[in-house]
Amino acid sequence: GQNIDQPTEMTATEGAIVQINCTYQTSGFNGLFWYQQHAGEAPTFLSYNVLDGLEEKGRFSSFLSRSKGYSYLLLKELQMKDSASYLCAVRDLSNNAGNMLTFGGGTRLMVKP
Amino acid sequence: IAGITQAPTSQILAAGRRMTLRCTQDMRHNAMYWYRQDLGLGLRLIHYSNTAGTTGKGEVPDGYSVSRANTDDFPLTLASAVPSQTSVYFCASSSTAGQPQHFGDGTRLSIL
């Protein structure tokens, strides 16, 4: 089985930087995904890490350490529109569904003026 | 615009009734998925299909069935709805299994 942990809620100020952490325990790790989900909307894909290190995409970056079972999503120059839930998902080849993703409960980020 | 279409957008259903949620994608993706999303529990996989003609069980398959007769369509059926199946249901697809998934807008289902 898998265990994926994220903080439930975070608050940050417009223009600031925020780091959303995700820890996981899995026996057949094969990649970690971050999704953004605005309230009442569908999740949208943000980033994918399969090797250790930092992946940068504009204001968003995602980091992975496989040895520590740890990832974070870094959001820079926060904007009000970044208020959303951020979902961490792990691909595990050892579960019955093979390549399927298992999602964490999500972190709800509130950006304040 | 290419993407995933889910129908209906929302539905209120009496317990015991049969219901099919529709999902169609026009991206020629091989893999499709059905999730339910409940407060505090995140997205949980119900069923998946890696390619047309094949399906598999996810984390919470009981009470649900799927079919994949062609590449584009992946309907989810509740044979006899129960109140615990009240949830938001998302259909998703990816080019192949394990690739980033694209999600539909969801179906909000209430079972009374």
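For segment B:24-67, the dipole from Cβ point charges (+1 on Lys and Arg, -1 on Asp and Glu) about the Cα centre works out to 80 debye, to the nearest 20. Each 10 Å bin from 0 upward holds the following percent of the Cα-Cα pairs of chain B: 16, 51, 28, 4. Taking amide H positions as modeled 1.01 Å from N, with prolines and chain starts lacking one, the residues under 5 Å from A:GLU14 and 5 or more places away or on another chain are A:LYS112.
Sorting the Cα pairs of chain A by distance into bins of 10 Å, from 0 upward, gives 15, 48, 29, 7, 0 percent per bin. Compared with the rule-of-thumb size 2.2 N^0.38 Å for a compact globular protein, segment A:1-47 has a Cα radius of gyration ratio of 1.39. For A:LYS68, list the lysines whose Cα falls under 25 Å from its own Cα; do not include residues on the same chain fewer than 8 positions away. Here the lysines satisfying the reach criterion relative to A:LYS68 are A:LYS57, A:LYS76. Taken one residue at a time, the phi angles of segment B:42-53 give Karplus couplings (6.51, -1.76, 1.60, θ = phi - 60°) of x, 7, 10, 6, 8, 9, 9, 9, 7, 6, 3, x Hz. Gly and Pro are set to x.
Residue by residue along A:42-50, Cβ atoms of other protein chains within 10 Å of the local Cβ number 4 on average.
Highest mean first, the peptides B:6-15, B:45-54, A:22-31 sorted by other C-beta atoms within 10 Å per residue fall in the order B:45-54, A:22-31, B:6-15. Global size of the protein assembly as shown: 17.5, 51 Å for Rg and Dmax (C-alpha atoms, Rg to one decimal, Dmax whole).
About its Cα centre, the dipole of segment A:56-105 is roughly 80 debye, where the only charges are +1 on Lys and Arg Cβ and -1 on Asp and Glu Cβ. Its Cα centre serving as origin, chain A has a Cβ charge dipole (Lys and Arg +1, Asp and Glu -1) of approximately 40 debye. Across every direction, the projection of the convex hull enclosing the Cα atoms of segment B:48-112 has a mean area of 4.7 nm². The trypsin sites (Lys or Arg not before Pro) of segment B:27-68 that meet both conditions, a loop assignment by DSSP and at most 15 other Cβ atoms within 10 Å of the site Cβ, are B:ARG28. Couplings 3J(HN,Hα) of segment B:85-97, computed from phi: 8, 5, 5, 9, 10, 10, 9, 9, 9, 9, 4, 9, 4 Hz, in residue order, whole Hz [Karplus 6.51 cos²θ - 1.76 cosθ + 1.60, θ = phi - 60°; x for Gly and Pro].
A short reminder: the numbers here are calculations on the coordinates, not readings from a lab. Bear in mind the structure is a predicted one, so any value in this text is a computation, not a measurement. A quick note on method: Cβ atoms are made from the backbone with ideal geometry, for glycine too, and the neighbour counts reach across all protein chains shown.
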